[in-house]
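Down below is the structure, laid out as structure tokens.
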Amino acid sequence: MRLTQATLALAAMGLTYQLVAAEREGFFDRTLNVSGPVEMNVETGSGRIEVRAGDTATVRIHGVIRAHDEFFHSEEARIHEIETNPPIQQTGNIIRITVPADESLRRHISISYELVVPQQSRLRARTGSGSESVEGIQGPVELETGSGSVTVARVDDEVRIHTGSGRIQIDSIKGKVDAHTGSGSIEGGSIGGPINAHTGSGSVRLEQSGAGGLEAQTGSGSVNVRLPANAAFDLYAHTGSGRVYVDHPITVHGNIGGHEIQGKVNGGGPLVDVRTGSGSVRVE
């Protein structure tokens with residue numbers, strides 16, 4: 001009995017130690033002076049990236065470091081090193097945030113970033129694992145994450161997004177949108193330019209407010225696209241299992257049936273190509 005109690009006590013202590021170690025965090029803040037349009041390049045091995053618009057003369061960087069090592073003292077030292085020397089480089093209005101150059105600092109470490117940048121900024125951001133969100137900047141915007149959701153709103157230029165797994169939400173984009181996810185839904189509203197949206201599995205809902213081609217595909221899930229009432233376009237809509245619905249007057253010049261429709265709306269124009277392997281398709 002005593003041995004069992006001792007074993008349980010040691011196990012509890014070990015669990016407590018692991019929890020404390022797992023909660024080890026550090027922080028750093030930097031304010032960089034800029035003038036004019038800014039080019040931001042952000043990369044982290046693991047961690048979220050959040051970007052929003054602020055004043056025109058500064059870039060404010062808040063970093064959150066999390067360590068996931070079992071060696072408490074090693075964590076503390078590595079966190080302190082990154083806090084003291086964060087991987088930030090500035091050359092005029094070009095700012096690069098990279099992964100730590102020292103491999104020992106990268107091991108079992110994640111760094112998340114909250115960035116407040118001038119509205120006149122272009123952005124390229126990549127994380128190996130973590131969510132990304134961007135709001136209110138000029139663009140263009142290029143985002144990549146190995147796994148995590150992506151949210152982008154109020155961008156004046158084109159947007160390119162790629163996530164290995166995670167939902168994509170986009171709203172109020174004036175330029176072209178190119179959005180790809182291996183698994184997850186894609187939702188987009190008030191998109192002024194051409195759209196290319198692909199998901200391996202998940203629903204797709206898109207609203208295009210301007211003219212331009214549109215391609216929306218999913219391996220499994222419903223697809224719903226809404227275009228302006230007076231839009232003129234060529235249409236190809238297909239589902240492997242489900243039905244196709246078109247709410248625009250259409251002149252059919254190819255196939256028509258429950259699973260596929262091909263034709264012209266208002267005399268034709270840019271191609272609207274909408275497909276799903278399994279699920280309904282609606283063009284409004």
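A compact table of results
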quantity: Checking Ser133 against (1) surrounded by 22 or more Cβ atoms within 10 Å (Cβ to Cβ); (2) hydroxyl-bearing (Ser, Thr, Tyr); (3) touching a Ser or Thr at 6+ places or on another chain (Cβ under 6 Å), the condition it does not meet; calculated: (1)
quantity: Filter result (part of a loop (DSSP other than H, G, I, E, B), buried (at least 17 other Cβ atoms within 10 Å of the Cβ) and in contact with a strand residue (DSSP E or B) (Cβ under 6 Å, 6 or more places away or on another chain)) within the stretch 264-284; calculated: none
quantity: Candidate set: the stretch 102-122, residues that are farther than 30 Å from Gln138 by Cβ and part of a loop (DSSP other than H, G, I, E, B); chosen: the one modelled with the lowest pLDDT; calculated: Arg107
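A quick yes/no check of all residues on (1) farther than 24 Å from Ser110 by Cα; (2) among the small types (Gly, Ala, Ser); (3) modelled with pLDDT of 95 or more; (4) part of a loop (DSSP other than H, G, I, E, B):
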residue	(1), (2), (3), (4)
Ile137	yes, no, yes, yes
Thr151	no, no, yes, no
Ile170	yes, no, yes, no
Asp178	yes, no, yes, no
Gly184	no, yes, yes, yes
Gly188	yes, yes, yes, no
His198	yes, no, yes, no
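Here's the yes/no breakdown for (1) more than 20 Å from Arg107 (Cβ to Cβ); (2) loosely packed, with under 15 Cβ neighbours inside 10 Å; (3) modelled with pLDDT of 95 or more:
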residue: Ala11; (1), (2), (3): yes, yes, no
residue: Ala21; (1), (2), (3): no, no, no
residue: Val38; (1), (2), (3): yes, no, yes
residue: Arg52; (1), (2), (3): yes, no, yes
residue: Asp55; (1), (2), (3): yes, yes, no
residue: Ala77; (1), (2), (3): no, yes, no
residue: Glu81; (1), (2), (3): no, no, no
residue: Thr84; (1), (2), (3): no, yes, no
residue: Thr91; (1), (2), (3): yes, yes, yes
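The rows are residues; the columns are (1) surrounded by 19 or more Cβ atoms within 10 Å (Cβ to Cβ); (2) out of contact with any Leu (no Cβ under 9 Å at 6 or more places or on another chain); (3) free of Cβ contacts under 8 Å to residues at least 40 places away in the same chain.
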{"position": "Gly146", "(1), (2), (3)": "no, yes, yes"}
{"position": "Ser149", "(1), (2), (3)": "yes, yes, yes"}
{"position": "His162", "(1), (2), (3)": "no, no, yes"}
{"position": "Ser165", "(1), (2), (3)": "no, yes, yes"}
{"position": "Ile168", "(1), (2), (3)": "yes, yes, yes"}
{"position": "Asp171", "(1), (2), (3)": "no, yes, yes"}
{"position": "Gly182", "(1), (2), (3)": "no, yes, yes"}
{"position": "Ser185", "(1), (2), (3)": "yes, yes, yes"}
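The values are calculated or read from the model by the stated rules, or taken from the named source; none is laboratory data. Not measured: the values here are computed from a predicted model. A quick note on method: Cβ atoms are made from the backbone with ideal geometry, for glycine too, and the neighbour counts reach across all protein chains shown.
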